[in-house]
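**Q** Take this structure, written in structure tokens, and hold onto it; I'll ask about it next.
Values in this text are rule-based calculations from the coordinates and carry no lab data. Computed from a predicted structure; not experimentally measured. Please note: Cβ atoms are built from the backbone with ideal geometry, for glycine as well, and neighbour counts cover all protein chains shown.
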Amino acid sequence: MTQTRPDLNLELQELIASMEQRREQVEAGGGEARQQKQRDGGKLTARERITALLDEGSFLEYGTFTEHGGGALMRGVEAPGEGVVTGSGTIGGRQVFVFSQDFTVLGGSLGKMNAAKVTKVMDLAARTGCPVIGLNDSAGARIQEGVDSLSGYGEIFYRNAVYSGVVPQISAILGPCAGGAVYSPALTDFIIMSRGSSYMFITGPEVIKSVTREDVTFDQLGGADVHTRKSGVAHLEADGDEAVLRKVRELLAFLPQNAREKPPLRPTTDPSDRANTELLELVTPDQRRPYDMHRVIENVVDDGQFFEIQPDWAKNILCGFAHLGGRVVGVVGNNPKYMAGTLTIDASDKAARFIRTCDCYNIPILTLVDVTGFLPGVAQEHAGIIRHGAKMLYAYAEATVPKITLITRKSYGGAYLAMNSRDMGADVVYAWPTAAVAVMGAEGAANIVYRREIGASENPDATRAEKIRDYKDAFDNPYVAAAKGYIDDVIPMEDTRRRLIATFTMLEHKQEQRPYRKHGNEPL
Ligand code: HXC
């Protein structure tokens, strides 16, 4: 707002007025009509989004008066703020950097100077050790700026990769995100999409129609439903800009400022020795009775609060954040309610990525195991379950954060290892009395080991049943593995919360050094 200051000399008054007038022009973005169009589409403007995201009054803008990068096709074109608003502020009192693409200015398209504004805040974030949050709403490469625009993307992608694991990077998708532009969010730690008003794809419906003759809408091709349920590209979704931005704030509360710090503590009144008696009803010894691992997690963690990541994709495995005794933990768990909790290609990718995210940001990992194995089938084999399953093994072995594994019921075969067994680097392994650790289930094992005896028997069914019983007595329990030191203790179910909190406390100052290497060659 321009204010007259009669006490100042005339020249200074004019300079101030000019600055304020220029600022007002920038803040108006593409003008009232385009901003209204944005609101009519149920969206906030770039600046309103920043206001909704950050603590009140905390935003400091940089690059305010940046102009576009020129070029023959940009002559005479106005681009207030260069199509992106950038700066720093706080969320819950913690400093973050933010860029918010302004669709009202040339469709939020990315030109050379637009990219320079974005990379400026990314560099400041890395130097000061603070998270970066990108609010994406852009028509992609600015066509008029040609290769300069592509170069701008390159500068951003490069930093997304170089700062990966240095500071948390979160992408909110609040409008179009198409073409190569999708790769900046894809290189960040988390993608949160707004349902119904955002989409991500490499080639749009028109190109697809001309190449493959498939008819598809923007939403069917790359809306929030697609990426949170089918492709696994996005981690979370919410209804509308404000809900997405709230999720960003919630998510940030589980992350540290940077890779050298720990996530913030969240004090709780939930007693650390609260008995988990409900678990006795939930998880019975009858292995054919499935249960929902969500209920186990909610029963054990502080205040029953579990912030799930990718809740609607690969539901046979659960990943998410919670607190135990005030400390953040990453939880990975098989969910016997879906596909008997078997490990699939998608489940392996989901868990491997989450484990790596936890390890980057000093978040201890709790692994809850109830798994019969990798999902058998030609489709899974041909699509590369070997390659994908290997990612999970690699991620667990590579992670040096405190790792506790709790076997709730079955833990068989290769999946026993993929769910962070002792040998794969778990610091402490617990089991409930309901647990069973073996190479495979009793039925399968008896059929293989005693095939001849069963075949030669006068009553094969009775012999099979007897052999299954024998095998169960011998192996379908936690004590064989405990006897050999693969399980550190078999614990009462109701004592789970107390034991986990006490054990993570014991591991708090864990240090683990690995042999020198440039970087590992993880399976991809
Ligand atoms: C410059 C652009 C632009 C672009 C849109 N505009 N796209 N300006 N470069 N890429 C301008 C329009 O001229 C218009 O200006 C304003 O932005 C809003 O666009 P509309 O089309 O009116 O909006 P809407 O109807 O909502 O449609 C949105 C849209 C459409 C679906 C995103 O604009 C569109 O298809 N744009 C082209 C997308 C695209 O092909 N981008 C390049 C992708 S390739 P006025 O002045 O009228 O407001 C790419 C490669 C990246 O991104 C590679 C990285 C490695």
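**Q** Of all DSSP beta bridges located in the range 277-380, what percent are antiparallel, nearest 5?
**A** Percentage antiparallel, nearest 5: 70.
**Q** Under a Cβ-Cβ cut-off of 13 Å, what is the net charge of the residues other than Gln13 that fall near it, where Lys and Arg count +1 and Asp and Glu count -1?
**A** -3
**Q** Tally the DSSP beta bridges in the range 60-147 and give the antiparallel ones as a percent, rounded to 5.
**A** 70
**Q** Something else now. So how many Å³ per residue does the convex hull of the Cα atoms of the range 1-92 work out to?
**A** 142
**Q** Still on this structure, I have one more. To check you understand DSSP bridge types, tell me what percent of the beta bridges within the chain (both residues inside) are antiparallel, rounded to 5.
**A** Taking every DSSP beta bridge with both residues in the chain, the antiparallel ones total about 35 percent.
**Q** At q = 0.15, 0.20, 0.35 Å⁻¹, what log₁₀ I(q)/I(0) does the range 28-68 have when each alpha carbon counts as one equal point scatterer in the Debye sum?
**A** Those come out to -0.46, -0.75, -1.10, one per q.
**Q** Next question. Take the Cα coordinates of the range 427-502, assign each an equal point scatterer, and use the Debye formula without solvent to give log10 I(q)/I(0) at q = 0.18, 0.21, 0.28 Å⁻¹.
**A** -0.73, -0.86, -1.19
**Q** Among the GluC sites (Glu not before Pro) within the range 18-67, which fall in a DSSP loop and have no more than 10 other Cβ atoms within 10 Å of their own Cβ?
**A** Those satisfying the criteria are Glu56.
**Q** So what's the angle, to the nearest 10 degrees on a 0 to 90 scale, between helix 241-252 and the longest Cα principal axis of the chain?
**A** 60
**Q** Which entries in the list Lys403/Lys510; Lys337/Lys484; Lys247/Lys337; Lys120/Lys518; Lys337/Lys410; Lys315/Lys510 go over 20 Å, if you measure between the two C-alpha atoms of each?
**A** Over 20 Å apart, Cα to Cα: Lys337/Lys484; Lys247/Lys337; Lys120/Lys518; Lys315/Lys510.
**Q** Could I ask something else about it? Mind checking the angle between helix 460-475 and the chain's longest principal axis? C-alpha axes, 0 to 90 degrees, to the nearest 10.
**A** Rounded to the nearest ten degrees, it is 70.
**Q** Place a label point 7 angstrom from the Cα of Arg517 along the Cα-to-Cβ direction, then list the residues of the range 412-447 whose backbone nitrogen is under 16 Å away.
**A** 424-425
**Q** Want the number for Ala52 to Glu308: 0.36 nm per residue separation, take away the alpha-carbon distance, what's left?
**A** Additional length available on full extension: 89.9 nm.
**Q** Further question on the same structure: Could you work out, for the chain, what percent of all Cα-Cα pairs fall into each 20 Å distance bin, beginning at 0 Å and stopping at the bin that holds the largest distance?
**A** Reading the bins upward from 0: 20, 47, 25, 7, 1, 0.
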